[in-house]
Amino acid sequence: EPVIEIDQLTKTYIMGQTKVHALRGVDLLINTNEYVALMGPSGSGKSTLMNLLGCLDTPTLGNYKLDGKDVSVMDDTELANIRNEKIGFVFQTFNLLPRQSTLDNVALPLVYAGVPRKEREARAHEVLASVGLGDRTDHKPNELSGGQRQRVAIARALVNRPAIILADEPTGNLDTKTSIEIMEIFEKIQADGNTVIIVTHEPDIAEHAHRIVRLRDGSVETDELNAEIRRAS
Ligand code: ADP
Ligand code: ADP
């Protein structure tokens, strides 16, 4: 069933006297449990689309339904609420709190959600174990390798059981070997039933996804199953 329904999504930035057409009527349907890579050259609209998908911004025109809720009509408060409830973000730069332990970093979204401490800690433990960091709960971010930091960030994104995971260049700061480890983690969390959308420039990274959507100049240029899956079917 669809978790993302996008209909003629349009974003136009006004820059003084000029208009920048960042998205020019994008249609996209993404089902629960899909694993999608979003690609395209610099300036093609990837960040703009991710910001809209992540309920960080609203479209100029068009509709966006996330998990059945019409996001395109929401005000800032409603957007903040749906963001906390339904979206897990993973960033290139990890964005962890440096003074907090791994466990506290992962449990943070549950503080905002009003979950009691005992349950927060239990859920943070559980999700850290699922990304292979069950023995790193007391470490601070600077006591972890880059790949481990990104796994903490992935655990934090998962802890709220969001409808979608949005990852913007999640391997952009990692070496090749660590990038592959991170992509294997995303494969695992997709196999666990999550919906994953990643932005990447790297074809080798995109190949781990099941579906590749390419943007060009604010429009969807291609939208296809990745080659490996095409061969197998
Ligand atoms: P990508 O992530 O693929 O590099 P973006 O979504 O960042 O593409 O940008 C798409 C277009 O929109 C570009 O021409 C960019 O300059 C423009 N753009 C992005 N954000 C803004 C903004 N906040 N204000 C004005 N123009 C923007
Ligand atoms: P790599 O990047 O190959 O994982 P590191 O040297 O970054 O190797 O880390 C090796 C192990 O040591 C990691 O599991 C990490 O958790 C641990 N570690 C690294 N730095 C510290 C530190 N300052 N304090 C405690 N443990 C650390």
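The values are calculated or read from the model by the stated rules, or taken from the named source; none is laboratory data. Computed from a predicted structure; not experimentally measured. With ideal geometry, Cβ positions are generated from the backbone for all residues, glycine too; neighbour counts draw on all protein chains shown. We work out accessible area using only protein heavy atoms, side chains counted, and drop any ligands, DNA or RNA first. Shrake-Rupley method; radii C 1.70, N 1.55, O 1.52, S 1.80 Å.
Of the accessible area of the chain, with the probe set at 1.4 angstrom, what percent is carbon plus sulfur?
On the way: 5440 of 11520 Å².
Of all accessible area on the chain, carbon and sulfur atoms account for 47 percent.
Please give me the summed charge of the neighbours of Leu29: other residues whose Cβ is under 12 Å from its Cβ, Lys and Arg +1, Asp and Glu -1.
Value of the local net charge: -4.
Any idea what log10 I(q)/I(0) is at q = 0.09, 0.12 Å⁻¹ for the chain, Debye with uniform C-alpha scatterers and no solvent?
Calculated log10 I(q)/I(0) at the listed q: -0.37, -0.67.
Mind checking the full-extension length gain between Val111 and Asn84? Use 0.36 nm per residue of separation minus the Cα-Cα distance, one decimal, nm.
Computed gain between Val111 and Asn84 is 8.6 nm.
Taking the Cα-to-Cβ direction at Ser42 and at Arg161 and moving 7 Å from each Cα, how far apart do the two end points lie in nm?
Modelled inter-label distance: 4.2 nm.
Between Glu119 and Asn63, what is the FRET efficiency for a Förster distance of 41 Å, r being their Cβ-Cβ separation, to the nearest 0.05?
0.70
Considering every Cα-Cα pair within region 117-222, what fraction, in whole percent, is farther apart than 20 Å?
When all Cα pairs of region 117-222 are counted, 42 percent exceed 20 Å.
Net charge within 14 Å of Val199 by Cβ-Cβ distance, Lys/Arg positive one each and Asp/Glu negative one each, not counting Val199 itself?
Net charge around Val199: 0.
Per residue, how much accessible area does region 18-171 show when a 1.4 Å probe rolls over the protein heavy atoms, in square angstrom?
Working: 7100 Å² over 154 residues.
Per residue, region 18-171 has 46 Å² of solvent-accessible surface.
Between Gln92 and Glu1, what is 0.36 nm times their sequence separation minus the Cα-Cα distance? Round to one decimal in nm.
So the extension gain works out to 29.8 nm.
With a Förster radius of 41 Å, plug the Cβ-Cβ distance of Thr12 and Ala129 into 1/(1 + (r/R0)^6) and report the FRET value to the nearest 0.05.
0.35
How big is region 1-80 on each of its three principal axes, counting only the C-alpha atoms and giving the largest first in Å?
Sorted largest first, the three principal extents are 42, 31, 19 Å.
Any chance you could check the Cα centroid distance between region 43-66 and region 158-233 for me, in angstrom?
Between the Cα centres of region 43-66 and region 158-233 lies a distance of 18 Å.
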